[in-house]
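Accompanying notes for the structure given below.
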Amino acid sequence: MQPDKFRHLAGGFILALTFAALAILLPIDADRRVAAMLGLLAAAAIAVAKEVIYDKTMSKGDPEALDALATIIGAAAGALVFYAA
């Protein structure tokens, strides 16, 4: 695996766990399943926004769909770990 893709995978994992934990802590009445899904959705939105806005629109990097996909896969793993724990 390329180091860049691994960083995206790890970043997605951490983002999903962080946003899922925030969903539990905030007073929005979310159970673990809903919190895990919110973490996954937030991480996926950030992944796509990073590739489209930061990399493509602002020309700060190379926009790659596989980078966004790696981040989303990592986020899915993080959401599963959060839900299962």
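The values are calculated or read from the model by the stated rules, or taken from the named source; none is laboratory data. Please read all numbers here as calculations on a predicted model, not as lab measurements. Using ideal geometry, Cβ is built from the backbone for each residue, glycine included, and neighbour counts are taken over all protein chains shown.
Can ASP55 be described as surrounded by fewer than 20 Cβ atoms within 10 Å (Cβ to Cβ) and charged (D, E, K, R)? It is true that ASP55 is surrounded by fewer than 20 Cβ atoms within 10 Å (Cβ to Cβ) and charged (D, E, K, R).
For the range 7-29, give me each residue that is surrounded by fewer than 18 Cβ atoms within 10 Å (Cβ to Cβ) and either of a type in the set (Ser, Thr, Tyr) or over 13 Å from ILE73 (Cα atoms) (or both).
Initial filter on the range 7-29 (surrounded by fewer than 18 Cβ atoms within 10 Å (Cβ to Cβ)): 7, 10, 14, 18, 21-22, 24-29.
Hits for the range 7-29 are THR18, ALA21, LEU22, ILE24, LEU25, LEU26, PRO27, ILE28, ASP29.
Confirm whether LYS56 is assigned to a loop (DSSP other than H, G, I, E, B) and either of a type in the set (Lys, Arg) or in contact (Cβ under 8 Å) with a residue 12 or more places away in the chain (or both).
Numbers: assigned to a loop (DSSP other than H, G, I, E, B): no; either of a type in the set (Lys, Arg) or in contact (Cβ under 8 Å) with a residue 12 or more places away in the chain (or both): yes.
Taking the combined requirement at face value, the residue does not satisfy it.
Anything in the range 75-85 that is more than 10 Å from LEU17 (Cα to Cα) and at pLDDT 95 or above? List them, or say none.
ALA84
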